[in-house]
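The structure under discussion appears below in the form of structure tokens.
The values are calculated or read from the model by the stated rules, or taken from the named source; none is laboratory data. What you see is a predicted model, and the numbers here were worked out from it, not measured in a lab. We place every Cβ from the backbone using ideal geometry, glycine too, and count neighbours over all the protein chains shown.
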Amino acid sequence: MFKRFRDRRVSPEIRMQNRETFLETKDFIYPVFLLEGKEREEAIPSMPGVSRRSLDRLLKYLEWPVKLGLRSILVFAIPDHKGVEQAYRSDGLMQRSLPDIKSHFPQLEVITDVCICSFTENGQCHMGDNDQTIEILAKIALSYLQSGADIVAPSDMMDGRVWAIHRLLTHSGIKQPQIISYAAKYASSFYGPFRDAADCAPKTGDRKSYQMDPANSNEAMEEIQADLEEGATSIIIKPALSYLDIIFRASKRFDCPIIAYSVSGEYAALRYLVDQGMASSDIIEETLLSTKRAGANRIITYFTPLILEKKNGNQLV
Ligand code: PBG
């Protein structure tokens with residue numbers, strides 16, 4: 001006598017009954033790149049299908065995924081002119097745009113990425129000194145929330161930035177501040193295409209003195225623990241595919257929501273396989289399923305509109 005597993009796989013309906021993991025519309029967070037000005041739309045060559053847009057174009061573009069059920073966006077602001085003060089000015093690009101985004105899409109959760117790498121001349125996520133940088137990051141986070149963001153997501157990997165942000169927000173009267181920290185962010189080569197999009201490639205050197213060593217797993221648990229103690233409400237692990245073990249381990253250990261960021265290089269690689277006809281577009285769903293199966297509650301991915309389309313019964317890619 002032997003066990004018959006194939007009974008579970010005889011038809012799509014039976015397979016669905018035996019499924020353990022599901023991708024749901026609410027799981028997806030869509031990263032978008034915001035430019036200054038009007039009527040601007042710039043394709044990102046390293047990320048086919050992804051563009052950077054001025055606010056007017058972005059609002060128009062988002063109508064489609066919102067109609068498909070999009071619940072959440074992650075906004076990156078890319079200023080025309082460098083200068084860290086641009087990031088926290090009350091009339092900065094992000095600050096000016098948030099009220100319009102919120103009034104156009106009142107139901108949409110708006111998460112703002114908090115980092116200075118698109119604002120510094122050298123493309124680094126710090127200003128030399130860790131402790132000086134975290135005070136600036138706190139000012140940026142406060143001004144984004146005061147301009148209408150629902151959530152701030154610090155992505156810089158400075159020590160103590162969640163602590164500094166949480167302290168300033170609570171002192172400024174922000175009730176129950178929502179901070180999603182990029183707690184375990186690895187120094188990864190998968191960020192290459194993003195750096196074209198956000199105009200933030202380091203002019204010299206790399207980010208290895210602050211982003212995590214890909215060889216480390218225990219340290220990720222320490223980073224997450226520290227961010228939760230400092231006041232983070234959820235955490236991000238990034239990239240996703242090469243770090244499924246970290247997602248799995250964190251999901252077993254921490255009760256907070258765990259978000260995986262399927263980053264630009266993952267998007268570009270999968271997109272290439274599909275566009276070249278080397279893989280079926282099912283590869284997108286497969287990798288996102290693996291991310292959820294590992295333990296992620298939500299996923300940040302550039303494939304969000306395509307996945308939502310598929311869930312709405314249309315052809316994917
Ligand atoms: C910058 C930032 C990066 C990403 C998100 N925020 C790039 C980096 O650290 O170099 C990467 C996102 C992606 O690759 O999709 N702080």
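Here are the numbers for the structure shown:
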{"read-out": "In segment 186-212, residue nearest to the ligand (Cβ to nearest atom) [restricted to those that are among the hydrophobic types (A, V, I, L, M, F, W, C) and not in a loop (DSSP other than H, G, I, E, B)]", "value": "194"}
{"read-out": "Output for segment 29-57, where each listed residue is out of contact with any strand residue (DSSP E or B) (no Cβ under 6 Å at 6 or more places or on another chain) and not β-branched (Val, Ile, Thr)", "value": "36, 39, 45, 46, 47, 48, 49, 55, 56"}
{"read-out": "Qualifying residue in segment 245-259 (condition: of a type in the set (A, V, I, L, M), surrounded by fewer than 20 Cβ atoms within 10 Å (Cβ to Cβ) and at pLDDT 95 or above)", "value": "no"}
{"read-out": "Test: residue in segment 123-142 that is modelled with pLDDT of 95 or more, surrounded by fewer than 23 Cβ atoms within 10 Å (Cβ to Cβ) and under 15 Å from the mean Cα position of the chain (by Cα)", "value": "no"}
{"read-out": "Test: residue 248 is away from the ligand (no atom under 14 Å from the Cβ), of a type in the set (Phe, Trp, Tyr) and either over 20 Å from residue 136 (Cβ atoms) or over 18 Å from the mean Cα position of the chain (by Cα) (or both)", "value": "yes"}
{"read-out": "Some residue of segment 260-272 being near the ligand (Cβ under 9 Å from one of its atoms), modelled with pLDDT of 95 or more and among the charged types (D, E, K, R)", "value": "yes"}
{"read-out": "Some residue of segment 122-143 being over 30 Å from residue 206 (Cα atoms) and in contact (Cβ under 8 Å) with a residue 12 or more places away in the chain", "value": "no"}
{"read-out": "Single residue of 223, 229 found to be part of a helix (DSSP H, G or I) and in contact with a strand residue (DSSP E or B) (Cβ under 8 Å, 6 or more places away or on another chain)", "value": "223"}
